[in-house]
Amino acid sequence: MKKTLSLMLVLAMLACSSAVLTSCSSSPQKSSTSPAPSSSAYSESAFANLEAVTWRFSTQSGSQTVVGKMANWIADEVATRTDGKFTIEVYTDAILYSDRECIEALAAGSIEAGQGSYGTLSKFADYCNVVSLPYLASSWEELNALCFGDDFAGARELLSDSIQAVGLHPLSFYSTGLRNFSNNVHPVNTMADMAGLKVRVQQNDVYIDTFNALGAYPVPMAAAEVLVSLQQGTIDAEENPLDFIYNDGFYEFQQYITRTNHIATFSGYYVSQKAWDALPEEFQEVYTAVTTEACQKIMQQTQEDEEHYRQVLTDAGCEVIDMSEEALAEMQTTCKETVWPKYADKYAEFLAYFE
């Protein structure tokens, strides 16, 4: 009887020990086989079976500019959101290509991704020049609506179609700010004050037509020639966003800067259509989302920087002039009644969104 009880006690103790050991060993085993939480917008399984992809990204913007810094932010975000499966090598400062060369390389499939101005892009996709029309947008609120608002989704689609026709896949685009008029002759408070001033403009018919309408004397010129021309007095004036006027050194030869906001500048992100078609849909979704966020961040930062550059230019001895509402209204009316009709037939479908 005692032997039977002893045996039963031993068996019971062994059973308990087994249960405890099983319980203790099951916890670490479970946690070791559970995947770590993914930092991406997708679950880890969305990328686990995909082959790693590496793209090259080119921009002529400097590494320390807002656009250059954002290129590196895009690369970091894409890698993070795809668990390291989609990586981007960033080349700033035109190390690989200038704006124009980048577009040509993307169209040929020689590089996968890039960023550049719509002014340059319009040399290939002519329809994109519509965004150069004067006073298409004249405030940051209007710029944001054009770039991201639902009301202009159809207008953006028209731009996208024209870009795809040259072998690029367009993503979000953004504005780098409104252009202003600077000169070294006298203060410009009204449109009449522009009369006869020789102003450098881009080699673009819309820019030439705009300043002819405003009474100035437009001088088409490559960007590389502007600083020397201002210094030598070959031209009296130039027009650019405030940060360009400062960072490109134009302010050193320009006493008066007038906030005319006459033309908005636009840039965008685009990729090789060939590379895009070969990219898994999961990666496409991430890249589209990240570049859209980048556009919004650039516009927010650029808007915030405007007041900074206004103060910097003032401190440097320039007179920064805000035109009256009446003076701005006169310029807007003149441009829309004189310049827009010249392009009305060509861009009718796009301009219908602004009626």
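The values are calculated or read from the model by the stated rules, or taken from the named source; none is laboratory data. None of the values given here were measured: they were computed from a predicted structure. Backbone-built Cβ (ideal geometry, glycine too); neighbour counts: all protein chains shown. To get the accessible areas, we keep the full protein, side chains included, count just its heavy atoms, and leave off ligands, DNA and RNA. Shrake-Rupley method; radii C 1.70, N 1.55, O 1.52, S 1.80 Å.
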Check your understanding: Among the residues of the range 180-192, is there at least one that is of a type in the set (Phe, Trp, Tyr), open to solvent by less than 20 Å² (accessible area, probe 1.4 Å), assigned to a strand (DSSP E or B) and in contact (Cβ under 8 Å) with a residue 40 or more places away in the chain?
Key -> yes
Exercise for review: Output the residues belonging to the range 42-82 that are open to solvent by 30 Å² or more (accessible area, probe 1.4 Å), aromatic (Phe, Trp, Tyr) and over 14 Å from the mean Cα position of the chain (by Cα).
Suggested key: Tyr42
**Study point:** Tabulated pairs, the range 48-60, first within 14 Å of Tyr97 (Cβ to Cβ) and free of Cβ contacts under 8 Å to residues at least 60 places away in the same chain, second of a type in the set (Ser, Thr, Tyr) and surrounded by 10 or more Cβ atoms within 10 Å (Cβ to Cβ), C-beta under 6 angstrom, 6+ apart or interchain
**Key:** Ser58/Tyr91; Ser58/Tyr97; Thr59/Thr92; Gln60/Ser98
Revision key, fill the gap. Of those in the range 111-123 that are modelled with pLDDT of 95 or more and over 18 Å from Cys295 (Cβ atoms), the residue most open to solvent (accessible area, probe 1.4 Å) is Glu112
Check your understanding: Could you say which residue among Ala289, Ala327 is among the small types (Gly, Ala, Ser) and either buried (at least 17 other Cβ atoms within 10 Å of the Cβ) or in contact with a helix residue (DSSP H, G or I) (Cβ under 6 Å, 6 or more places away or on another chain) (or both)?
Key -> Ala327
Study note, to complete from the structure: Of the candidates Val320, Val271, the one satisfying the condition of being open to solvent by 20 Å² or more (accessible area, probe 1.4 Å), of a type in the set (A, V, I, L, M) and assigned to a strand (DSSP E or B) is Val320
Review point. Condition test on Tyr256, is it open to solvent by 10 Å² or more (accessible area, probe 1.4 Å), touching a Pro at 6+ places or on another chain (Cβ under 7 Å) and more than 30 Å from Arg81 (Cβ to Cβ)?
Key: yes
Point to revise | Matching residues in the range 292-347 - criterion: being among the β-branched types (Val, Ile, Thr) and either in contact (Cβ under 8 Å) with a residue 12 or more places away in the chain or more than 16 Å from Thr260 (Cα to Cα) (or both) | key: Thr292, Ile298, Thr302, Val312, Thr314, Val320, Ile321, Thr334, Thr338, Val339
Practice item. Can you run down the residue pairs with Cβ atoms below 8 Å, 6 or more apart or on separate chains, where the first is in the range 62-73 and more than 15 Å from Thr302 (Cα to Cα) and the partner is assigned to a helix (DSSP H, G or I) and at pLDDT below 90? Key: none
Review point. Scanning for something touching a Lys or Arg at 6+ places or on another chain (Cβ under 9 Å), under 17 Å from Ile321 (Cβ atoms), of a type outside the set (A, V, I, L, M) and buried (at least 21 other Cβ atoms within 10 Å of the Cβ), does the range 213-236 turn up at least one residue?
Key: yes
**Study point:** Extreme residue, farthest from Arg100 (Cα to Cα), among residues of the range 229-250 that are over 25 Å from the mean Cα position of the chain (by Cα) and hydroxyl-bearing (Ser, Thr, Tyr)
**Key:** Thr234
Exercise for review: May I ask you to list the residues in the range 139-157 that are open to solvent by less than 30 Å² (accessible area, probe 1.4 Å) and either within 22 Å of Val206 (Cβ to Cβ) or touching a Ser or Thr at 6+ places or on another chain (Cβ under 8 Å) (or both)?
Suggested key: Trp140, Leu143, Leu146, Cys147, Gly154, Ala155
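Matching residues to (1) of a type in the set (Val, Ile, Thr); (2) within 27 Å of Val339 (Cα to Cα):
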position: Thr210; (1), (2): yes, yes
position: Tyr256; (1), (2): no, yes
position: Arg259; (1), (2): no, yes
position: Leu279; (1), (2): no, no
position: Gln284; (1), (2): no, no
Study note, to complete from the structure: In the range 307-321, anything out of contact with any Pro (no Cβ under 7 Å at 6 or more places or on another chain), under 24 Å from His186 (Cβ atoms) and among the acidic types (Asp, Glu) is listed as Asp315
